[in-house]
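Participant: Okay, here's the structure, questions in a sec.
Derivation of every value follows stated rules applied to the coordinates shown; laboratory data play no part. Computed from a prediction, not measured in an experiment: that's the story for all the values here. In this analysis, Cβ positions are derived from the backbone assuming ideal geometry, glycine residues included, and neighbour counts consider all displayed protein chains.
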Amino acid sequence: MTLTDAWNSAGRVAVIALLKERRARLLQAFAERLNTSDGLEAMYAYADAFDDILRDLNALTAQTVYPSETSPLPTVVAVGGFGRKELAPYSDIDLLFLLENADDAKAQERIAFMVQILWDMGLKVGQAVRTVDDCIDKARTEMTVRTNLLEARFVDGSRGLFDDFNTRFTALCHETDGRDFVMAKVEERRLRYQRMGQSKYMLEPNVKEGRGGLRDLHLMFWLIKYLFGITNMPDLVSSNILSRQACAAFLKAHRFLTTVRCHLHLLNGRAGDVLTFEAQKQIALKMGYDNRNGQSAVERFMKHYYLICKSVGELSWLMTVIIGDTLNDGVVFSEIDADFVLINDRVSFKDTVSLDQNPTLMMRAFYLKHLLNKPVDPRTLGKITDNAKLARKLRKNPQANALFLDILAGESAETTLRQMLETGVLGYFMPDFQPLIAQVQFDLYHVYTTDEHTLKTLGFLERQDTPAAQRTLALAALLHDIGKG
């Protein structure tokens, strides 16, 4: 039965019933696809099917419910996550209805009818009704609108009107070097971290909004598209913006996190992105994790989850540096010593450094971060990560141990040791700490993984006025949960 048949038989009630049936079948197909592929493929197929629903509904509205020879078919545009085709089972449907004439009363009636039908289907709809001029005016002054329109995708109506919008919107984005957009997005991220928790290692993380989650990947995508005009991630490799390894890490994280989020929606039967303890157990099994090597399925799943979040954090820092260097028109070098240089105020290895020959330089990089209060360049962190196993050679190295103790007693112990942990150096340097990394504590008393809890304890000590006993207290804090491994 078509929507027109349903309307002719019993009007609005029949149309809603038919569309609810279609949506139920789509959700069933989504679940089946998720069992055999991954979240991205399932979302893309779901978005395509929803495009068909919108086209059918638009045609019914314009041709049967509110026919008119003078009012053109409303132009329907998918924006936001729907524009990216990342439509999770219970995601909002974000729509822009483009009008040629703001005073077109018939078009307004049609749009109101369509939106009400979508709500009656049980969907949560975010909609805007604007002319192209309205879109450009709003995007010029409101960064959230500009971000939403950045992902606009034509669904139905006038392709010419959409192309006109797209041309003018692209021109707007190129009016400046993009610094205003970058600053607005970075500030939004700061506020989001403040709201959601600063750590990537929450025991019940928010898959979408949490640190190291999907929103961080979305932010990178927005900045890449806005500044470089690139929508296909592999093009970053051919454009020499990202390495092949970094691009692969982005795509892997994106696929994994979207799959987790889709399972979470289907499990709850509603929108919601907090990965609760109970959900973790069920999703671990759905994604094929099993008990192995003394670890339960859920422990293995969550360890993988935190490692993915760590990877997203590394990519975020790398993109921040690349974009900052792009906007600042070049690189400023300042020599530190024979092995290190400051690149735009970031601690970096010189090109001649060989960690195979001198692995102590890994510890010196972190010590210089602590000493100079400067961040370590992400490419240097990448080189350290690739060679982290060499930290085993530092366990009995007097120089490396002295540097480590100085870091531990310093004012940046928490942040420096977190980078040592995330590059893998801390686990290889202190083998007894290795089992604590991404270890989940299933109880009511802890908010973080064991390793993150330990680093937070060090951070607490940094804020206390105990300089005389700092090294002893810091060592005690670092080792206080070592028995849990």
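Participant: Return the aspartates and glutamates within reach of K208: Cα separation strictly under 14 angstrom, same-chain partners fewer than 8 residues apart disregarded; answer none if there are no such residues.
Facilitator: The reachable aspartates and glutamates, counting only those whose Cα sits under 14 Å from K208, are E86, D92, D216, D273.
Participant: Would you mind listing how long the stretch 59-111 runs along its three principal axes, going by Cα atoms, in whole Å with the largest first?
Facilitator: 37, 22, 13
Participant: Using a ≥ b ≥ c from the Cα gyration tensor of the stretch 72-166 (square roots of the eigenvalues), is it rounded, prolate or oblate, where a/c under 1.5 gives rounded and otherwise the larger of a/b and b/c decides, a/b for prolate? The partial results should precede the final answer.
Facilitator: On the way: a/c = 1.65, a/b = 1.09, b/c = 1.51.
Oblate is the answer for the stretch 72-166, as a/c is 1.5 or above yet b/c matches or exceeds a/b.
Participant: Taking Rh as the Kirkwood radius, which is the inverse of the mean 1/r over Cα pairs, what is the Rg/Rh value for the stretch 179-327? Before the final figure, lay out each step's value.
Facilitator: Values: Rg = 16.2 Å, Rh = 16.2 Å.
Answer for the stretch 179-327: 1.00.
Participant: Note down the nm distance, to one decimal, between modelled labels 7 Å out along Cα→Cβ at L251 and at E411.
Facilitator: 4.5 nm
Participant: Which lysines, on any chain, are close to K396 with Cα under 26 Å apart, when same-chain ones fewer than 8 places away are left out?
Facilitator: The reachable lysines, counting only those whose Cα sits under 26 Å from K396, are K350, K369, K383, K484.
Participant: Let me ask another. Explain nothing, just compute: Karplus ³J(HN,Hα) = 6.51 cos²θ - 1.76 cosθ + 1.60, θ = phi - 60°, for every residue of the stretch 381-393 in order, whole Hz, x for Gly and Pro.
Facilitator: With coefficients 6.51, -1.76 and 1.60, one gets 4, x, 5, 5, 4, 5, 10, 4, 4, 5, 5, 4, 6 Hz.
Participant: Could you tell me the distance between the Cα centroids of the stretch 393-415 and the stretch 249-289, to the nearest Å?
Facilitator: 38 Å
Participant: Continuing with the same structure: With no solvent and one point per C-alpha, what does the Debye sum give as log10 I(q)/I(0) for the stretch 143-262 at q = 0.12, 0.13, 0.15, 0.20 Å⁻¹?
Facilitator: Treating every Cα as an identical point scatterer, log10 I(q)/I(0) equals -0.54, -0.64, -0.83, -1.25.
Participant: Per residue of the stretch 425-435, what does 6.51 cos²θ - 1.76 cosθ + 1.60 with θ = phi - 60° give for ³J(HN,Hα)? Whole Hz please, x for Gly and Pro, Karplus curve as stated.
Facilitator: Per-residue couplings from phi come out as 5, 4, x, 7, 6, 10, x, 5, 7, 3, x Hz.
Participant: How large is Rg/Rh for the stretch 136-214, to two decimals, with Cα atoms and a Kirkwood Rh? Write out the running numbers ahead of the final one.
Facilitator: Numbers: Rg = 16.4 Å, Rh = 14.8 Å.
Here Rg/Rh amounts to 1.11.
Participant: Would you tally the net charge around L403, using a Cβ to Cβ cut-off of less than 12 Å, leaving L403 out, and scoring K and R as +1, D and E as -1?
Facilitator: Details: positive: R364, K369; negative: D406.
Value of the local net charge: +1.
Participant: At 222 nm, what helix-only mean residue ellipticity would the chain give, in deg cm²/dmol to the nearest 500, using -39500 (n - 2.57) for each DSSP H run of four or more? Let's see the in-between values first.
Facilitator: Details: 20 runs with 284 residues, N = 485.
The helix-only estimate for the chain comes to -19000 deg cm²/dmol at 222 nm.
Participant: How are the C-alpha pair distances of the stretch 338-485 spread across 10 Å bins, as whole percents from the shortest bin up?
Facilitator: Taking all Cα pairs of the stretch 338-485, the binned fractions are 11, 41, 34, 12, 1, 0 percent.
Participant: Lysines within cross-link reach of K281: Cα-Cα under 16 Å, excluding same-chain residues under 8 positions apart?
Facilitator: Hits, sequence-local ones excluded: K303.
Participant: Report the gain in length on full extension from K286 to D5: 0.36 nm times residue separation, minus Cα-Cα distance, nm rounded to one decimal. Don't skip to the end; give the middle numbers.
Facilitator: Details: separation 281, 0.36 × 281 = 101.16 nm, distance 3.98 nm.
Length gained, K286 through D5: 97.2 nm.
Participant: Mind listing which trypsin sites (Lys or Arg not before Pro) in the stretch 343-422 are in a DSSP loop and have 11 or fewer other Cβ atoms within 10 Å?
Facilitator: Filter output for the stretch 343-422: K396.
Participant: Now for a different question. Given a Förster distance of 45 Å, report the FRET efficiency between K393 and K20 from their Cβ-Cβ distance, rounded to the nearest 0.05.
Facilitator: Numbers: r = 64 Å, r/R0 = 1.43.
After rounding, the FRET efficiency stands at 0.10.
Participant: Oh, and also: Where in the stretch 54-154 are there trypsin sites (Lys or Arg not before Pro) that are in a DSSP coil and have at most 14 other Cβ atoms within 10 angstrom of their Cβ? Walk me through the intermediate numbers first.
Facilitator: Working: sites: R55, R84, K85, K106, R110, K124, R130, K138, R140, R146, R153; in loops: R84, K85, K124.
When the trypsin sites (Lys or Arg not before Pro) of the stretch 54-154 are filtered for loop state and at most 14 Cβ neighbours within 10 Å, K124 remain.
Participant: Where the eigenvalues come from the Cα gyration tensor of the stretch 3-173, what are the semi-axes √(5λ) of the equivalent ellipsoid, largest first, in whole Å?
Facilitator: Working: eigenvalues 135, 106, 27 Å².
Semi-axes from the Cα gyration tensor: 26, 23, 12 Å.
Participant: How large are Rg and Dmax for the chain when calculated on the C-alpha trace, in angstrom?
Facilitator: Spelled out, the Cα radius of gyration and Dmax of the chain are 26.2, 86 Å.
Participant: Work out which chymotrypsin sites (Phe, Trp or Tyr not before Pro) in the chain are exposed loop sites (DSSP not H, G, I, E or B, at most 16 other Cβ within 10 Å) and give the longest gap free of them.
Facilitator: Numbers: sites that count: F442, Y445.
Free of exposed loop sites, the longest segment is 1-441.
Participant: Which percent, to the nearest 5, of DSSP beta bridges fully inside the stretch 3-173 are antiparallel?
Facilitator: Working: 7 of 14 bridges.
That works out to approximately 50 percent antiparallel.
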